[in-house]
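I have placed the structure first, in the form of structure tokens, so that the comments after it can refer back to it.
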Amino acid sequence: MNGADAAGPRSENAVRRHRRAQRIKWTVYTLLLLNGGFYAVEEFQMAAHTLQHGASLLEWTEAFATTIDNLAWYGLLFMFELETYTLEDEAFERPWLAWVLHGGRVLCYAMLLHTVVARITAYSAALEAPPRPEVTGLCDVVDEGLSWGDNYHYETLTLDNCGSLSRDYAFYMIAPEVVTDRAGWVMEKRQTLVGLSDVIAWLLVIWAIELAVWLQNRGVTGGRLMLASHAARFFYAVLFAHAGWWLYTGHFVYAWDQVLWILGFWAIERNLSEWREDIDDERAGRASPGAAP
């Protein structure tokens, strides 16, 4: 909808810039899909440590919260790309198409609601991690079949490694089968809080995009509501700050993934910007003295 071809004649430089932007956009989309595969494999490996036998469905979905989250974001990105760039206005003369796009987005938001619940649950669990006062060293619990966890890194406890993982004497259970020390517990609380604030910031960004799409579908390109949708770009700064945190804590792929998602939704913002220009150009053309009725 409202693709670049609808904007009328363009300078050669403008056409080149547009084509370059499209190549970058589709490169970003491809890299996002590859990152999604990485997260699915990583969460499967982490689940081998954090899920005990007989885990509930909710515990399984919490363990794969990022994979479920990614599927929802892929759906939103795809549907926004269709509505803000790929499909022309004439396509929306078929009412079922709007129902499919908007219904699909509602389904994606329902999946993201699961992510919010999972992040809240993870943060609450981190705050309430039960201590193990009877344990004074990791070698005391080797026979319990536990894993050591610290900063989202997990390792099965054995007699070979139990003496080298921590010199602390206070330990906490951050998952039913995962033990950590005081520093690991502090990091768990910080990481789960960042994860919760991250999903909230992303939802505010996406709702701002929803508002802009809703307004531009009605031919509105300015005003207080449109200004509000632009103001939500502040949350991109929050998301970049989260990327910096993950770099600081050694999760380079998390930071890389965050930047890719920001670029992906900036591509949607660019689509919206071109669409607004098309609306304004069309309105100016109708208002010019020589315009056809």
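A simple spin-label model places pseudo-atoms 7 Å from Cα toward Cβ; at S273 and R233 they are separated by 0.7 nm. In the calculated pair-distance distribution of region 168-293, the portion above 25 angstrom amounts to 47 percent of the Cα-Cα pairs.
The alpha carbon convex hull volume per residue for region 92-191 rounds to 113 Å³. The order of E128, E188, going from fewest to most other C-beta atoms within 10 Å of their C-beta, is E128, E188.
Ordering K25, K189 from the fewest to the most neighbouring beta carbons within 10 Å gives K189, K25. Taking the Cα centre of the chain as reference, the dipole from Cβ charges on Lys and Arg (+1) and Asp and Glu (-1) amounts to some 1280 debye. Temperature 20 °C, viscosity 1.002 mPa s: under these conditions the Stokes-Einstein estimate for region 134-222, based on its Kirkwood radius over C-alpha pairs, is 135 µm² per second. Of the residues L193, Y254, G75, the one whose Cα sits farthest toward the positive end of the charge dipole of the chain, with +1 on the Cβ of Lys and Arg and -1 on the Cβ of Asp and Glu, is G75.
Note on V117 and T86: the extension gain reaches 7.8 nm, defined as 0.36 nm multiplied by sequence separation minus the Cα-Cα distance.
The slack between D143 and Q45, meaning 0.36 nm per residue of separation minus the straight C-alpha distance, is 33.1 nm. Counting only Cβ charges, +1 for Lys and Arg and -1 for Asp and Glu, the dipole size of region 103-247 around its Cα centre is about 1240 debye.
Using C-alpha pairs under 8 Å with a sequence gap of at least 6, the mean separation divided by the residue count of the chain gives a relative contact order of 21 percent. Put in line by how crowded their Cβ is, counting other Cβ atoms within 10 Å and starting with the fewest, F78, F38 read F38, F78.
Each value in this text was obtained by applying a stated rule to the coordinates, not by laboratory testing. Keep in mind it's a predicted model, so treat the numbers as computed, not measured. Quick reminder, even Gly has a Cβ in these numbers, built from the backbone with ideal geometry, and neighbours come from all protein chains shown.
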